[in-house]
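Colleague: Below is a structure I'd like to ask you about.
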Amino acid sequence: MYFDLNFIAKLYNNRNSYADVFSAEELHILHVESGIEALLKKYIDQKKLIFLTGNPGDGKTHLIKSLKSILDVHDAYVEPDANSIKDEEAFLMELTRAVSEGRPCIVAINEFPLISLLEKLGDRIPGFQQIMTQREQGIIYNKGIEETVKEVVVVDLNNRNLLSKDMLEKTLNKLLDISKPCENCKDNKDCTASNNLIKLKHPVVQQRLFSVIEKIGSIGIHVVMRDILGFFAYIITSGKKCIIRKNEDSDENDYYNLIFNGSNELFTALAIFDPYHYSHPEIDERLWNGTLTDGWLFENKYDAPEYSEEPLEAFKALKRRFYFENERGHQLLDLLPAEYKAYYEVLIQGYDRQDEMIRKIISGINKFFNPDDHEDDKLKIWTTHKYELRTYPRVAVTSKYAYSNQIELLVPRLPVHLMEMEYVPDHFLFRVYKSKEKSFVELRIDLNLYRVLTLVQIGYPSQLVPEQHQFKLLRFMNELSSLESTSRANEFLIRDMDNRSSYRVKVNNAQYVSKRG
C-alpha cells in the first residue's frame, strides 16, 4: 500500500494522537519496528513481569498494540493504562494471580504514577525490590556493577533515544518506500516534493543527513517516533498539500532548506549544524562565483549567488545543497568547532581514561573562579559564603585541591538487559573521589556546559557565563568543600568575585604573609 504526498504531509507537527487521525491499517503501515520491540518480545517469551514506563506520548500504548499477537499467544496479562487505575487492590489481585500462574505480564504506566503506586502498595507488588533496584540502575556508568534480571523487568522509555543512525535509517526509508507523488504531480518534473523523494533515497544524501541528526541526539533532546516521522514528512513535503506548494517558490521547498527551517525542538537543535555556518575559503569562493561544477551527485548547473537578487539567501541554499549533494560535502562537517569534536569523542570512547579531557575540564573550572590560574593537574576547591542559594557569592576562598589522578570521566550506557533499546549518551560525569576512599562528588557535563568550560579556559569572562551554569559550578564546589581528605596548602587565595581581584595569605609556623594580586 502506498500513500500520496498529501497524506505524508499530515504527519508533520500533528499534535493529536495518531490513533485519532489515522486508521488502524494506516497505522500498521506507518509502524517502524525498533529494538525495543525485540526486547519486549524476548521478555514476553520468558514470561517476565514487565513495567513499561516513561512520559506521556512516549509510545507505550502503541508498543503494546504492536505486540498484540505475541501477547495473545502467551495469554499475557496486559494493563495498557495503569495511570487511571481506580481500584488498586483489584489491580494488585489480578496482577498477582497472573504472576502466580506463570503468565507474562505487561503494565504500561507513566513515571510519576508508578512512583505513587510503589509508595502505596510497597512490597505487596510482585518483585517490588527488583523494581526499585532497576529504577535506580536505569543508567549504568562505564563498568558499573549491575544486578542480574530475575522475574521483573522495568523498561523506562525516558532513557530511549531514537536519534540513532539505525532508527533514522529505518524510519526515513519506510516513508520513502510507502510514498508516491500525488495525481497532480506524477508527470510534473518541477514538483519539489517528488524530487525530494528521489534525492533522499541516495545513500550519500542519507549518510550526510544521519551524521547531522545523530549529533543532536547527544545534546539531550528527547523525541518520540511521532517527532521523527513528522521531521522526515516535513523535509519531503514541507508539511503542505500539493496545491499550496505549487504556488510557492520551489527553492524554499527543497529538502536541504527544509531540514533547517521547520518549527519544533528538533529543527531548532539542527540549526547549530547548518552547513552555512561553517566557512571554507576555497569552497565558499567557488560556490559564490559559480565555478565549483565538479563532484555533484545530481545536476551540476546552478546560478552563481553573486548575481542573484538575494545573494546571501541564494548562497545559504547552495552551501546546504553542497553539503548533501557534493562528494566534498563532508569537509564542511569536519569544520565543527574543536569543543564539539572533543565532546563527541568522549562519548564514543567512554571506557578510556581521557586524561587530556580531565585536564581541560580542571583548567576550565579553575579559570572560572580565577582567570589567572594556569594549573591543570589539580582542581582548586573553592569555599563560598552566601545567604541564599540563588545569590551569586561575593567572596571565594581556596586552600584545598584534588589531583587529576583522583578524577575520572564516566559515560552512561544502558544495563546489559536493556541493550536492545535505542540509546545515545547525552552527557558524561566528571567524578572527584575522596583520596583512597570510595566517596565522591560528581558534576554532570552536557554539551552546553562543556562548551562554556572550553570558552572560559581560553579567556571567555566568567561573568558572562549563563546563570544556570554558574550556579551548577558553585553547587559542585560546595559539595566538594565537604569532601574530606583533599590536599591542603599552607596558602589561602581569597577572591573578590565582584571586581575579580585576588588576595593571598601564606601561613608558615603560625606566621602569615599577605599579598594582593
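The values are calculated or read from the model by the stated rules, or taken from the named source; none is laboratory data. Bear in mind that the values here come from a model prediction, so they are computed numbers and not experimental data. Cβ sites come from the backbone with ideal geometry, for glycine too, and all protein chains shown count toward neighbours. For the accessible areas, the whole protein counts, side chains as well, though only heavy atoms, and no ligand, DNA or RNA atoms are used. Shrake-Rupley method; radii C 1.70, N 1.55, O 1.52, S 1.80 Å.
Colleague: Just to verify a result, which residue in region 464-508, among those that are free of Cβ contacts under 8 Å to residues at least 12 places away in the same chain and over 21 Å from residue 407 (Cβ atoms), is nearest to the chain's Cα centre (by Cα)?
Modeller: 468
Colleague: Next question, about the same structure. From the list 303, 251, exactly one residue is touching a residue at least 12 places away in the same chain (Cβ under 8 Å), open to solvent by 70 Å² or more (accessible area, probe 1.4 Å), touching a helix residue (DSSP H, G or I) at 6+ places or on another chain (Cβ under 9 Å) and under 30 Å from residue 227 (Cβ atoms). Which is it? Steps first, please.
Modeller: Working: 303 fails: under 30 Å from residue 227 (Cβ atoms).
Only one candidate passes the filter, namely 251.
Colleague: Against the conditions (1) closer than 25 Å to residue 426 by Cα; (2) touching a helix residue (DSSP H, G or I) at 6+ places or on another chain (Cβ under 9 Å), where does residue 128 fall short? Just the number, please.
Modeller: Unmet for residue 128, out of (1) closer than 25 Å to residue 426 by Cα; (2) touching a helix residue (DSSP H, G or I) at 6+ places or on another chain (Cβ under 9 Å): (1).
Colleague: Okay, moving on. Which residue, of 296, 288, is open to solvent by less than 50 Å² (accessible area, probe 1.4 Å) and not small (Gly, Ala, Ser)? Steps first, answer last, please.
Modeller: Numbers: 288 fails: open to solvent by less than 50 Å² (accessible area, probe 1.4 Å).
Going through 296, 288 in turn, the sole match is 296.
Colleague: Also, quick follow-up: Of all residues in region 306-348 being among the aliphatic types (A, V, I, L, M) and over 19 Å from residue 259 (Cβ atoms), which is most open to solvent (accessible area, probe 1.4 Å)? Full working, then the answer.
Modeller: Initial filter on region 306-348 (among the aliphatic types (A, V, I, L, M)): 312, 314, 317-318, 332-333, 335-336, 338, 342, 346-348.
Of the ones still in play, those that are also over 19 Å from residue 259 (Cβ atoms) are 338, 342, 346-348.
Working: 338: 76, 342: 16, 346: 3, 347: 18, 348: 136 Å².
Ranking the qualifying residues of region 306-348, first place goes to 348.
Colleague: Next question. For region 269-280, does any single residue satisfy the condition of being open to solvent by less than 10 Å² (accessible area, probe 1.4 Å) and over 20 Å from residue 218 (Cα atoms)?
Modeller: no
Colleague: Which helices (runs of 4 or more DSSP H) sit wholly inside region 235-352 and have at least 1 residues that are among the hydroxyl-bearing types (Ser, Thr, Tyr)?
Modeller: Numbers: elements: 242-245, 255-258, 265-270, 281-289, 311-325, 330-333, 338-348.
Once the helices (runs of 4 or more DSSP H) in region 235-352 are filtered for at least 1 residues that are among the hydroxyl-bearing types (Ser, Thr, Tyr), what remains is 255-258, 265-270, 311-325, 338-348.
Colleague: If you don't mind, there's one more thing I want to ask. Here are the criteria: (1) open to solvent by less than 80 Å² (accessible area, probe 1.4 Å); (2) under 22 Å from residue 224 (Cα atoms); (3) charged (D, E, K, R). Tell me which single one residue 88 does not satisfy.
Modeller: (2)
Colleague: Failed condition for residue 431, given (1) without any contact (Cβ under 8 Å) to a residue 60 or more places away in the chain; (2) basic (Lys, Arg); (3) open to solvent by 60 Å² or more (accessible area, probe 1.4 Å), with all others met?
Modeller: (3)
Colleague: Tally up the residues in region 311-336 that are farther than 28 Å from residue 203 by Cβ and out of contact with any Asp or Glu (no Cβ under 9 Å at 6 or more places or on another chain), please. Explain how you work it out, then say what you get.
Modeller: Going through region 311-336, the residues farther than 28 Å from residue 203 by Cβ turn out to be 311-313.
Imposing the further condition that a residue be out of contact with any Asp or Glu (no Cβ under 9 Å at 6 or more places or on another chain) reduces the set to 311-312.
Result for region 311-336: 2.
Colleague: All but one of (1) modelled with pLDDT under 90; (2) buried (at least 18 other Cβ atoms within 10 Å of the Cβ); (3) more than 30 Å from residue 40 (Cα to Cα) hold for residue 424, so report the exception by its number.
Modeller: (3)
Colleague: Going by the conditions given, is residue 106 out of contact with any strand residue (DSSP E or B) (no Cβ under 9 Å at 6 or more places or on another chain) and outside any helix (DSSP H, G or I)?
Modeller: Working: out of contact with any strand residue (DSSP E or B) (no Cβ under 9 Å at 6 or more places or on another chain): no; outside any helix (DSSP H, G or I): yes.
No; evaluated as a whole, the condition is false for this residue.
Colleague: Within region 116-123, identify whether any single residue is touching a helix residue (DSSP H, G or I) at 6+ places or on another chain (Cβ under 6 Å), open to solvent by less than 80 Å² (accessible area, probe 1.4 Å) and closer than 30 Å to residue 227 by Cα, and answer yes or no.
Modeller: There is no residue in region 116-123 that is touching a helix residue (DSSP H, G or I) at 6+ places or on another chain (Cβ under 6 Å), open to solvent by less than 80 Å² (accessible area, probe 1.4 Å) and closer than 30 Å to residue 227 by Cα.
Colleague: Right, another one. Among the candidates 259, 236, 213, 243, single out the residue that is closer than 24 Å to residue 305 by Cα and either open to solvent by 30 Å² or more (accessible area, probe 1.4 Å) or not charged (D, E, K, R) (or both).
Modeller: Working: 236 fails: closer than 24 Å to residue 305 by Cα; 213 fails: closer than 24 Å to residue 305 by Cα; 243 fails: closer than 24 Å to residue 305 by Cα.
Going through 259, 236, 213, 243 in turn, the sole match is 259.
Colleague: Spot the failing condition for residue 161; the list is (1) surrounded by 12 or more Cβ atoms within 10 Å (Cβ to Cβ); (2) within 30 Å of residue 344 (Cβ to Cβ); (3) out of contact with any Gly (no Cβ under 6 Å at 6 or more places or on another chain); (4) modelled with pLDDT under 90, and only one is missed.
Modeller: Checking residue 161 against (1) surrounded by 12 or more Cβ atoms within 10 Å (Cβ to Cβ); (2) within 30 Å of residue 344 (Cβ to Cβ); (3) out of contact with any Gly (no Cβ under 6 Å at 6 or more places or on another chain); (4) modelled with pLDDT under 90, the one that fails is (3).
Colleague: On the given criteria, is residue 173 over 28 Å from residue 310 (Cβ atoms), in contact with a helix residue (DSSP H, G or I) (Cβ under 9 Å, 6 or more places away or on another chain), at pLDDT below 90 and in a helix (DSSP H, G or I)?
Modeller: Values: over 28 Å from residue 310 (Cβ atoms): yes; in contact with a helix residue (DSSP H, G or I) (Cβ under 9 Å, 6 or more places away or on another chain): yes; at pLDDT below 90: no; in a helix (DSSP H, G or I): yes.
Answer is no for this residue.
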